[in-house]
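Note sheet for the following structure.
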Amino acid sequence: MDWTESFRKAWVVTGLTLRYLLTTRRAIATGLLALVPVILTLSLAAARVVTFDIVLFQQLMIPLFLQVVLIFVTLVNATALIREEIDDNTLPFLLTRPISKPALVGYKYIGYLVAVLVVLIPPIIVAYGVTEAYGGLAFTADLDVLWGFLATTILGSAAYGALFLFISVLVRRPLAVGLLIGFVWESVVDSIPGDVPKISVIHYLKTILKDVIAVNPLGGYRTDISAGVAAGILVAVSIALVILAAFVFQQMEFRQKAG
């Protein structure tokens, strides 16, 4: 019975989170941004760009999708999980239900992860398909590229989401802090010598792409770990940050605002 009740609570909270993230104006903005790879590949195909192939696809996707679209979509959605409910005064109602604060964080995070992957994954598949079709190749011709970007999208969504969720329970303006980390730190960290890049998410995402894709533009990228190790680190960091977020959230107290 306890397991059944826990599953029911998880289903309810996850469902509410999905509906909240996928049916608001936020979903329209993030959905349109996620379509950028599709729009770009269709434009290159329509313009009959001679150099448009799977390598150019990767050269565009790494800085555009992994370092802009992925970060923005995860930032906007993850910071909304807890902080917006606090600001909108809806969280106290949810906390009156028979569910613990750590469980609430975990269930909402699962809902977030499903929501962002629904938004991010289809455009990758379509953009890859357009690229292969333009070159007259079968959809399966460069599956290592497709799997590489799907893996980095899933792992990146998990890691960035956990990071931004943690930030959202620490500070009152998580978007500002998240923007600094996502679009400043993650952009410049590769140029810093030594092991500093290892404290960024993008380092491990690029490591995975370099290791799993046979022909890629990351041949000179500095890394000393394998794709498996990089994936393991991202999973571990994601879990740790969600646990930390749940711990901090557990210590917070909320009162229903008047009026």
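Values quoted throughout were computed directly from the atomic coordinates according to the rules given, and no laboratory measurement underlies them. Keep in mind the model is a prediction, meaning the values are calculated, not measured. Reconstructed Cβ throughout: ideal geometry from the backbone, glycine too, with neighbour counts over all protein chains shown.
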### Task
With a length cut of 24 Å (Cα positions projected on each helix's long axis) and a Kyte-Doolittle mean of at least 1.0, go through the chain and give me the DSSP H helices that pass.
101-134, 143-170, 227-251
### Query
Compactness ratio of the chain: Cα Rg over 2.2 N^0.38 Å, N = residue count?
1.08
### Task
Treating cross-link reach as a plain straight distance, find the lysines whose alpha-carbon is under 16 Å from the alpha-carbon of residue 198, omitting any fewer than eight places away in the same chain.
206, 210
### Message
Give me the percent relative contact order of the chain, please, defined on Cα pairs under 8 angstrom at least 6 residues apart.
### Response
26
### Task
For the range 142-196, state the average projected area of the convex hull of the C-alpha atoms over all orientations, rounded to one decimal in nm².
5.0
### Message
For the ranges 102-113, 176-187, what's the packing order if you count other beta-carbon atoms within 10 Å of each residue, average per peptide, and put the highest first?
### Response
102-113, 176-187
### Query
Summing +1 for each Lys or Arg and -1 for each Asp or Glu, what net charge is found among the other residues whose Cβ lies under 14 Å from the Cβ of residue 137?
-4
### Query
What ranking, highest mean first, results for peptides 8-21, 189-202 when packing means the other Cβ atoms within 10 Å averaged over each residue?
8-21, 189-202
